[in-house]
1. Exactly one of (1) modelled with pLDDT under 85; (2) under 23 Å from the mean Cα position of the chain (by Cα) is unmet by residue 19. Its number?
2. Is the range 197-212 home to any residue that is within 18 Å of the chain's Cα centre (by Cα), assigned to a helix (DSSP H, G or I) and in contact (Cβ under 8 Å) with a residue 60 or more places away in the chain?
3. Run down 113, 81 and say which single residue is closer than 19 Å to residue 224 by Cα and surrounded by 24 or more Cβ atoms within 10 Å (Cβ to Cβ).
4. Tell me, please, whether a residue that is in a helix (DSSP H, G or I) and under 30 Å from residue 423 (Cα atoms) can be found in the range 307-326.
5. Please give the number of the condition residue 180 fails out of (1) within 14 Å of residue 226 (Cβ to Cβ); (2) buried (at least 24 other Cβ atoms within 10 Å of the Cβ); (3) at pLDDT below 95.
6. Would you be able to say whether some residue in the range 441-456 is touching a residue at least 24 places away in the same chain (Cβ under 8 Å), under 28 Å from residue 168 (Cβ atoms) and surrounded by fewer than 17 Cβ atoms within 10 Å (Cβ to Cβ)?
7. Does residue 186 satisfy the criteria of being within 22 Å of residue 314 (Cβ to Cβ) and either free of Cβ contacts under 8 Å to residues at least 24 places away in the same chain or buried (at least 19 other Cβ atoms within 10 Å of the Cβ) (or both)?
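The values are calculated or read from the model by the stated rules, or taken from the named source; none is laboratory data. Because the structure is predicted, anything quoted here is derived from the model rather than measured. Positions of Cβ are generated from backbone atoms using ideal geometry, with glycine treated the same way; all protein chains shown enter the neighbour counts.
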């Protein structure tokens, strides 16, 4: 097509008539299955907490610290593995499908080796538990629960690698399917392994851990079966790309490890926060555990939205289109803020409805001590949730571009001075649980401000995690009029 002077007119983008790139439709189409996936996991954790509350207050008090001990190292490993999502997204944007299978294999190698080694942490965690001031019964249950959860590490890491392949390419419904299979397995096992053992709290805690491990294993097997389908073997080298690639493995760790360290540092900080709250009192510890369980209803769905932002930012960075990355991030921040406002209102207006499932399972004297604390703590959650939505979206956007080192430095530099140390001071001086939760609120709000300043600074715009190439300028964007006709035709085809 030419104008009156014979000059070729650039073709309109194929998607222009359907949706705006970086807009609500594009983000929600990709992120909605990820939000559902995160929500299902939230529901499963919530159900487990309810079942454990039927076992007793000791089981509830032990659950959160034990999960914290597990989460801290698994966060380092799993988020290193799952950063493969950004590599896959950027390779997809750069139209280099031959590199996708090999990078997934590097993630699998890392996950299998570290997952098999994970149980060696049991003696270390038992030592840490012995050093706390928790009741002896709570310590025993913490140790049992952690030991059972270690069996979930290996399959969780395998799931992270397989999900990275599908999420990074935009097949988020497949991610939902893989996670749903595991969640349903976990849910089916939770009742017989927890509730039917409630007369024996030790066996009930073991059952909760084993249910999670089996559910993760089922997801891992299912995900691998999908990964090695014929069409993926042909296009993305998911089978032939099995060889260990030292430069690619090193590059994955270069960007992925800071991502894992950031989650690990924050996980360690929140675990320390919970342990220090436990030094204030057992009722305070149980109340904090139940409040964080309710907080997951807010946190994890926005995490799903953030994952969608990360994938789209990664894809646009691979295409060298940072302006679209910025538009996607702004869209995600608006959606997250709107969602958080609704959730914060629910926390403040109807806390009794949220706590009712726990009240029915505890003994009256236990609930009399724990129940009144939760509405107070939910007000703190409501306050920091408004900032946390922006916090999550911006962190995922920066990671999608490759700015993982900065995100990690923020976690290291702020979490302990602003949250953990003030909570330790509060526990030592008898200032009460409100002082501890105020420090957590200040930390989360400050982090959101720091990420906003970094994002607006724009350094991320020139970042990529994949190795650079020097293609012919006409091949850089297949929609340009100077590109070969065959390339323009390919560019007009809808994505698979």
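1. So the condition that residue 19 fails would be (2).
2. yes
3. Result of the check over 113, 81: 81.
4. no
5. (2) is the only condition that residue 180 fails.
6. yes
7. Here the answer is no, as residue 186 does not meet what is asked.
For every residue, the table says whether it meets (1) in a helix (DSSP H, G or I); (2) in contact with a helix residue (DSSP H, G or I) (Cβ under 6 Å, 6 or more places away or on another chain); (3) closer than 22 Å to residue 275 by Cβ; (4) without any contact (Cβ under 8 Å) to a residue 40 or more places away in the chain.
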position: 108; (1), (2), (3), (4): yes, yes, no, no
position: 111; (1), (2), (3), (4): yes, yes, no, no
position: 115; (1), (2), (3), (4): yes, yes, no, no
position: 122; (1), (2), (3), (4): yes, yes, yes, yes
position: 127; (1), (2), (3), (4): yes, no, yes, yes
position: 133; (1), (2), (3), (4): no, yes, yes, no
position: 138; (1), (2), (3), (4): yes, yes, yes, no
position: 146; (1), (2), (3), (4): yes, yes, yes, no
position: 149; (1), (2), (3), (4): yes, yes, yes, no
